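The values are calculated or read from the model by the stated rules, or taken from the named source; none is laboratory data. Remember, it's a predicted structure, so these values are computed and weren't measured experimentally. We place every Cβ from the backbone using ideal geometry, glycine too, and count neighbours over all the protein chains shown. SASA here: full protein model, heavy atoms, side chains in, ligands and nucleic acids out. Shrake-Rupley method; radii C 1.70, N 1.55, O 1.52, S 1.80 Å.
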Amino acid sequence: MKDSPQPIAPITLPDVKHPEQEEEWLKKSLHKWLDEEFLPETVNGKIAQRASKIFVRQRMEGENDLGSLVIAIIAEMRAFDFSRSFYSEFAVANAVSDLILASLGIDRCCGG
């Protein structure tokens, strides 16, 4: 008999203590990731700025669950014009998640 799959445990971030620093770190980190993943594009800075603002605003409103933060980025980035970008709201939200997990020392592949 095969082991049944286990649900992935939620990842809860610590309360935000320095929102301006967190936003700036995420903006710079995401912008670098966007530029390095495909091609550097002017729109990447705007994408990084918007996503980091959404992320920190959600954190300031008390949201610390990483999954919920990713969903919020997807929902709010839908209004962004990605026509001049290789990316979508899903790619951006996943990149944010990967950057946060890496900053916490969590392997994005397997959660350990």
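Projecting label points 7 angstrom from Cα along Cα→Cβ for MET60 and SER4 puts them 4.4 nm apart.
Applying 1/(1 + (r/R0)^6) with R0 = 35 Å to the Cβ-Cβ distance of THR42 and GLN21 gives a FRET efficiency near 0.90. Here the spin labels are modelled as points 7 Å beyond Cα on the Cα-Cβ line, and at ASP98 and ILE71 they lie 2.3 nm apart. Accessible surface computed residue by residue for the chain, with neighbouring protein chains in place and a 1.4 Å probe, gives 65 Å² per residue. Remark: the Cα gyration tensor places the stretch 1-94 in the oblate category, a/c being 1.5 or greater and a/b not exceeding b/c. Short-range pairs are left out: with C-alpha atoms under 8 Å and at least six residues apart, the relative contact order of the stretch 1-70 is 45 percent.
Counting 0.36 nm for each residue step from ASP81 to ASP107 and taking away their Cα separation leaves a gain of 6.3 nm.
Which aspartates and glutamates, on any chain, are close to LYS53 with Cα under 13 Å apart, when same-chain ones fewer than 8 places away are left out? Correct list for LYS53: GLU20, GLU22, GLU23, GLU24, GLU61, GLU76. Shown for the chain: the carbon plus sulfur share of the solvent-accessible area, taken with all protein chains present and a 1.4 angstrom probe, equals 54%.
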